[in-house]
Structures are given as structure tokens and as C-alpha cells.
Amino acid sequence: MGNWIINNGLTSFIHVVWMGINIFLFVWFYHIYELQDRFFYTRHILGSALAWARAPAAVLNFNCMLILLPVCRNLLSLVRGSFMCCGRTMRKQLDNNLTFHKLVAYMIGLMTAVHMIAHLLNVEWYNNSRRGVYDKLSTALSNLDDTENTTYLNPIRTIDVDPQQTPTYLVFTTIAGLTGVIITLALILIITSSMEVIRRSYFEVFWYTHHLFIIFFAGLVFHGAGRIVRSQNTTVPPHNFTFCKDRSDEWGKIPECPIPQFAGGFPQTWMWVIGPMVLYICERVVRFIRYMQTVKYRKIVMRPSKVLELQLVKDGFKMEVGQYVFLNCPAISQLEWHPFTMTSAPEEDFFSVHIRSAGDWTDKLIHIMQQLPEGAQGPKMGVDGPFGTASEDVFDYEVAMLVGAGIGVTPFASILKSIWYKFKDSNPKLRTRKIYFYWLCRETHAFEWFADLLQMQEKEMEERGMGDFLTYKLYLTGWDQSHATHVTVHFDKETDVVTGLKQKTHYGRPNWDKEFEQVRKENPTSVVGTFLCGPAALAKVLGKKCAKYSDVDPRKTKFYFNKENF
């Protein structure tokens, strides 16, 4: 349990607080609408569906306030920088921004469903009450005269429409109904297009439908203006419902029972979301300003395995290891921005990204670059960033385990390059004394573009007598019989037949229990940062291993798990 708390304690505490606030808001507002006297007559018509509609609305307000904040990446980067003096655990929470964004979205989806179902029942019961289907009191409340159309209780003000069509008429002719339909449709499209299978295979669909959030928030702000849910106003003399509820024929005729008057509640949603909306608008303004800044191509290189390397230069651009940028190519799409981890080091006078063919956008970009004449500048490129990630903290650890899968090696290319520069310049601030690097690839060609950097690292460490500083293991997870035969024939060579490195390539997947046990044995009193840029399945495995092999004793080895999130 103690090991789990080391890696997940604060994250779980934040989730518990968030869930606690949701539960409190639901229970509190359910209590208000289910028990308060001013809603007695409204409850008489609608029953508990009133509370079941309004309690989720309060939870929706809270979560709609939160949903935009995790995607304000410039704001998060600013906050993350201000936390550099604080503990790594606090900064780690900011790296879970997209996980929290999804969690909040799930709550919005759930509460929207409950809110919508309850209001559909409310509309049906309003309609039945207006047409005298229920008891005498419900009919009297629904038929209250209202010359100025302001003090009624039942929002269905006419019975000239066919009874079966009245609910539809109300939904599409009122502010609350129409905006509710728009909000719900936008949310359905946003949620369904966010499914993993669509996001991975049809990113453009996900990207464009996600921008329906603009329509969602616009509808949300105006949704409460319809004031469908109404409560009893105080009158002079007062209308005592406990005495008057059974005397509806005498309302307005005896002083004890004046005609009851009702009013809709003041719209509150805009007060919840206006702050985050302003912050997000500022976020988009910053992005636009960055987009307009000139970006020049220093070098365009086509690497093996359809990997494109872009070396770019931008005035005033400063980065740290492991950070990422968003790229936009107007020649492909004016609106699409895609995240890429930078592979260059902060010490270099340019920044670079490696882009793997993984969809329509990347395929089109690679095709455009392949058609360029030698030495020509590429198409206009917009750059937003850089933004901080978990890998930024790698040099805060005495020992680091870097795990990359496929193109997920890119943040570690930046780290290894930076280490090379730090050794070259004899940087005294380098705190890290040991790095374990693991790279998992399905095909041999994927190793080629990164092997040069590792060869340079090998040579540098040997010349400085620091061959033990970097331990790296490359794993080939996919091969055929011809490749296996070739490796067997050349096994006795000093260098690996796949990479040309002195360290031989391993075949299959790592035995993580063995690897973690070895790291713990070699570093019995160290804090080890484990960094992953790879699939969620591998993240789950490494997270469990970090918890398993961390010691509760503060004097012994602890593993902190960090994952790149885009």
C-alpha cells in the first residue's frame, strides 16, 4: 500500500476531492428542490423528476467550469514552470491533464443523460397537467391566468397544439428546449468521435468534431435563460400552501389564499463558465500570435521507416529536454494542430521533430516534403509551444529509467543529446549519475535513425571513462526467419548486426521484473525516475512495477513513474 501511495497518492487524493465536490453538489441541490417550500407546487406537478433534473444541472455547471482548464496548454506550461521550486509530485499532476479532462468529460456525459431524461419526463407531466389529466390541484396550477406571461408555473401556455405534439412543440419553440437539443447533439458528436478507435484511425474527424465545444458552450450560456423550472414567489398577503393546496377554487377570493405567483430562477451557468472561457480565449490568442511568427527550415531529412526529420528555427524559441510543440501546416489544413516531441537538445541553435507516417495529415506532410527540390524551404509551418512534459524532470533524479516504444523514443533523443552537451561542457549542475535506456521496436529499420546518436554517446562515455553512466538495451519485438538466420551467422561480431552498436540487440520483450530488480540492486538508496513514451498497456505494466519495487523505507530505493501524455 505504501508503494502505491508513493506513485499515486496525490493523484488519487485529487480525484477523491473532485468526486466529493460532485457528490456534495448533487446531494445539496437535490435536497433544495426536493424539500424547500418554494418548490412545493412545482413538485406537485413534476414529482421527484424536478430534483433529478436540477441536481445533475449543478454538477454539470461545476464540470463545465473545469473541462476547458486541462486543455489550456500555455496556462499549464506557465503553472508548471512556477512549480519548479516545488515537489515533483505536484508537477506530475499537471502531466495528467488529459486524463483529468477525460474524467470530467465522462461526468458531463453522465449528468447530461440524467438531466435530459428527467426533463423529458417533466415536459410530459407538464403537458398532462395542462390538459387536466391529473388531479384538481395540478390542473389549477397549470391553468393560472397570467396576462403578462410572467408569473405562471406551467411553461406550456397553449393547448391549441395536438396533445401528442405539444412536448415537441415546447422543445423546439423555447430557449431552454432548443439550446438543450443543440447542446446534447454537440456533446454526442464530441464524445463518440473521442473514442480511441476513431481518434487513432480518423484523427481529423476527432479534431473537427471536438471544436463543436464552441457551439456547446454558446448553448450552455443561454440554456438557463429559458427559466423553465419555476418556484413560488412571496406575495402580500402570503400564500400558505399548507392551507391553500386543498382550496384551489378559493384562490384570490379569500385573503388567506391569494393567487400564487411563480418565477424562474436566475440563470447561473454563465457565472460558472465565464472565467474558464475567458482563459481559453486568451489561450487561443496566444496560439494565434505564435502561429503568425516566422518559422524557417534549417534541414529536411527523410529517415528510414518513413520518418521525417524537420530541423526548424524560430526567433526567441527556448526549450527544455523532453518538451513538445504543436505543428500546423496550412497547406494541408488551416485548423489542424498535431503534437510532436522535440528531439533536439536545448543547447542546440535549432529545434527538431521526427514525424512518423501515422495518418492522413502526416502522410500528406511527408509527401509534400519529398517533392521539394534539394535545399528548398518547406511550406509555411505554424509552431505553438514549447510545452512541458514529465520528461522535463529527468535531471531531477539521481537515476533515470527511460523507456521508449517505436517513435516514442523521441523525447529521450532530446535527453541523450543534452547529456552529451553537458558532458562536453563539463556542466557541474548535472545531478543524474546513471541512466538506463530501453527502446522497443517492431522492425529493424526503426533503429537506424537513432543509432548514430547512441554511437556518439558510446564513444563520448568511453573517452571520459564513464562507460557505466549509460546502460541501454534495444529490443526488437518483430522479426522473421531470414533475419534470425542472419543474426546467428554474425553473432560473434563485436558490433550488433542491426544497429552497429557494441550493445547487442535483444529479441522479444523485456522481463521487467528482472530489469527493475537489477536497477534496485545497483542503486539501493536512490530515487529512480521511470519515464515512458509509449502505449497505455505498457504504461500500466510499468506503473505496477514502480509500485512493486519501491521501498516504503525513505532510505531505500523508490521508483516514480512518469508518462508522456498528449
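The values are calculated or read from the model by the stated rules, or taken from the named source; none is laboratory data. Keep in mind it's a predicted model, so treat the numbers as computed, not measured. Virtual Cβ from ideal backbone geometry, glycine too; neighbours counted across all protein chains shown. With ligands, DNA and RNA removed, areas are computed over all heavy atoms of the protein, side chains included. Shrake-Rupley method; radii C 1.70, N 1.55, O 1.52, S 1.80 Å.
If the condition is being among the aromatic types (Phe, Trp, Tyr) and either open to solvent by less than 10 Å² (accessible area, probe 1.4 Å) or within 28 Å of the chain's Cα centre (by Cα) (or both), then the range 388-424 contributes PHE395, TYR397, PHE412.
For every residue, the table says whether it meets (1) touching a Phe, Trp or Tyr at 6+ places or on another chain (Cβ under 8 Å); (2) hydrophobic (A, V, I, L, M, F, W, C).
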site	(1), (2)
THR209	no, no
ALA225	no, yes
ASP249	no, no
PRO258	yes, no
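Taken over the range 205-214, the criterion of being in a helix (DSSP H, G or I) and either touching a Gly at 6+ places or on another chain (Cβ under 8 Å) or surrounded by 14 or more Cβ atoms within 10 Å (Cβ to Cβ) (or both) is satisfied by VAL205, PHE206, TRP207, TYR208, THR209, HIS210, PHE213. Against the list (1) part of a helix (DSSP H, G or I); (2) closer than 30 Å to MET65 by Cβ, the condition PRO155 fails is (1). Exactly one residue among SER77, SER82 is modelled with pLDDT under 90, open to solvent by less than 50 Å² (accessible area, probe 1.4 Å) and not hydrophobic (A, V, I, L, M, F, W, C), and that residue is SER77.
Residue-level check: of (1) aliphatic (A, V, I, L, M); (2) within 29 Å of GLN261 (Cβ to Cβ); (3) in contact (Cβ under 8 Å) with a residue 24 or more places away in the chain, ILE182 misses just (2). Scanning the range 253-282 for residues that are open to solvent by 40 Å² or more (accessible area, probe 1.4 Å), in contact (Cβ under 8 Å) with a residue 60 or more places away in the chain and either within 22 Å of LEU141 (Cα to Cα) or among the aliphatic types (A, V, I, L, M) (or both) yields ILE259, GLN261, MET277, LEU279. What residue, of LEU137, LEU189, LEU185, LEU178, is open to solvent by 40 Å² or more (accessible area, probe 1.4 Å), modelled with pLDDT of 90 or more and farther than 30 Å from TRP337 by Cα? That would be LEU178, the only listed residue that is open to solvent by 40 Å² or more (accessible area, probe 1.4 Å), modelled with pLDDT of 90 or more and farther than 30 Å from TRP337 by Cα. With a requirement of 3 or more residues that are within 23 Å of LEU372 (Cα to Cα) and basic (Lys, Arg), the strands (runs of 3 or more DSSP E) lying completely within the range 259-332 that satisfy it span 296-303.
Residues are listed down the side, and each one gets a yes or a no for (1) loosely packed, with under 15 Cβ neighbours inside 10 Å; (2) in a loop (DSSP other than H, G, I, E, B); (3) modelled with pLDDT of 85 or more:
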position: GLU515; (1), (2), (3): no, no, yes
position: GLN518; (1), (2), (3): yes, no, yes
position: VAL528; (1), (2), (3): no, no, yes
position: PRO554; (1), (2), (3): yes, yes, no
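In the range 86-97, of all residues being in a helix (DSSP H, G or I) and open to solvent by less than 40 Å² (accessible area, probe 1.4 Å), the one that is modelled with the highest pLDDT corresponds to ASN97. The single condition from (1) closer than 16 Å to GLY529 by Cα; (2) in a helix (DSSP H, G or I) that LYS364 fails is (1). Residues in the range 536-557 that are touching a residue at least 40 places away in the same chain (Cβ under 8 Å) and either among the aliphatic types (A, V, I, L, M) or closer than 20 Å to ILE415 by Cβ (or both): LEU538, LEU542, CYS546, ALA547, VAL552. For ASN149, state whether it is open to solvent by 30 Å² or more (accessible area, probe 1.4 Å), modelled with pLDDT under 85, out of contact with any Asp or Glu (no Cβ under 8 Å at 6 or more places or on another chain) and more than 24 Å from GLN165 (Cα to Cα). Here the answer is no, as ASN149 does not meet what is asked. Return the residue satisfying two criteria in turn: it lies in the range 313-331 and is among the β-branched types (Val, Ile, Thr) and modelled with pLDDT of 90 or more, and of such residues it is surrounded by the fewest Cβ atoms within 10 Å (Cβ to Cβ). Here the answer is VAL313. Annotation for the range 215-233: no member residue is open to solvent by 70 Å² or more (accessible area, probe 1.4 Å), out of contact with any Ser or Thr (no Cβ under 8 Å at 6 or more places or on another chain) and either over 30 Å from TRP125 (Cα atoms) or in a strand (DSSP E or B) (or both). The test for being outside any loop (DSSP other than H, G, I, E, B) and either in contact with a Cys (Cβ under 9 Å, 6 or more places away or on another chain) or in contact (Cβ under 8 Å) with a residue 40 or more places away in the chain (or both) does not hold for LEU335.
Here the range 356-387 is the region considered, the condition is being farther than 14 Å from GLU336 by Cα and among the small types (Gly, Ala, Ser), and the residue that is surrounded by the fewest Cβ atoms within 10 Å (Cβ to Cβ) is GLY375.
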